[in-house]
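Visitor: The structure follows.
The values are calculated or read from the model by the stated rules, or taken from the named source; none is laboratory data. Just so you know, these numbers come straight off a predicted model, no measurement behind them. Here the Cβ positions follow ideal geometry from the backbone for every residue, glycine too, while neighbour counts run over all protein chains shown.
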Amino acid sequence: MEKKVMGCFGLALGLVIMIQMSAAQMTCEEVLAAELPCKPYLTRQAIDPAPACCEGINTVFKSNTEAHFQVICHCVLDRKQRDWGIDPVREIQVAGQCSLTELYCLVDKNL
C-alpha cells in the first residue's frame, strides 16, 4: 500500500513539473501577439517603437532556454513567410532601441 501511495505521489509530482515546464514555453500565437505592437515601427509607419513594443519583445526574450528560442525563431520565420512588409533593417534596430541582446534569429539571413 505504501509503495502505491509513493508511486501515485511521484506520478502527480511528475505531472506538475511537466505542466509547469510547458506553461513556461510560449506558443507562436503568444510570440506574435507580443510582437504586434512593433508592427508600425517595423513597417516604417512609426518613427520609434512604441513602449508596448519593447515591453512585448522583452517579455518574449526574457527566457534563455534553447527550446524557447527555437519557438521564437520558428514564429519569426512564420511571420516572415506571411510577408508583413517588415523592413529587415528596422527589425535589427529594434533590438538596440529596446535594449535586447538575444535576437540572433532575427539577423540570420536564412530565416
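Visitor: Return the total of residues in segment 78-111 being modelled with pLDDT of 75 or more, in a helix (DSSP H, G or I) and of a type in the set (A, V, I, L, M, F, W, C).
Guide: Number satisfying all stated conditions: 4.
Visitor: Pairs only if they're at least six apart or on different chains, beta carbon under 7 angstrom, first in segment 23-49 and within 17 Å of Leu100 (Cβ to Cβ) and assigned to a loop (DSSP other than H, G, I, E, B), second modelled with pLDDT of 90 or more and not aliphatic (A, V, I, L, M); list them, first residue then second.
Guide: Asp48/Tyr41; Pro49/Cys38; Pro49/Tyr41
Visitor: For segment 50-77, what are the residues that are assigned to a loop (DSSP other than H, G, I, E, B) and at pLDDT 80 or above? Working first, answer last.
Guide: Of the residues in segment 50-77, the ones assigned to a loop (DSSP other than H, G, I, E, B) are 50, 61-65.
The one that is assigned to a loop (DSSP other than H, G, I, E, B) and at pLDDT 80 or above: Ala50.
Visitor: Return yes or no: is Glu30 among the acidic types (Asp, Glu), out of contact with any Ser or Thr (no Cβ under 7 Å at 6 or more places or on another chain), more than 20 Å from Gln93 (Cβ to Cβ) and at pLDDT 85 or above?
Guide: For Glu30, the condition - among the acidic types (Asp, Glu), out of contact with any Ser or Thr (no Cβ under 7 Å at 6 or more places or on another chain), more than 20 Å from Gln93 (Cβ to Cβ) and at pLDDT 85 or above - is met.
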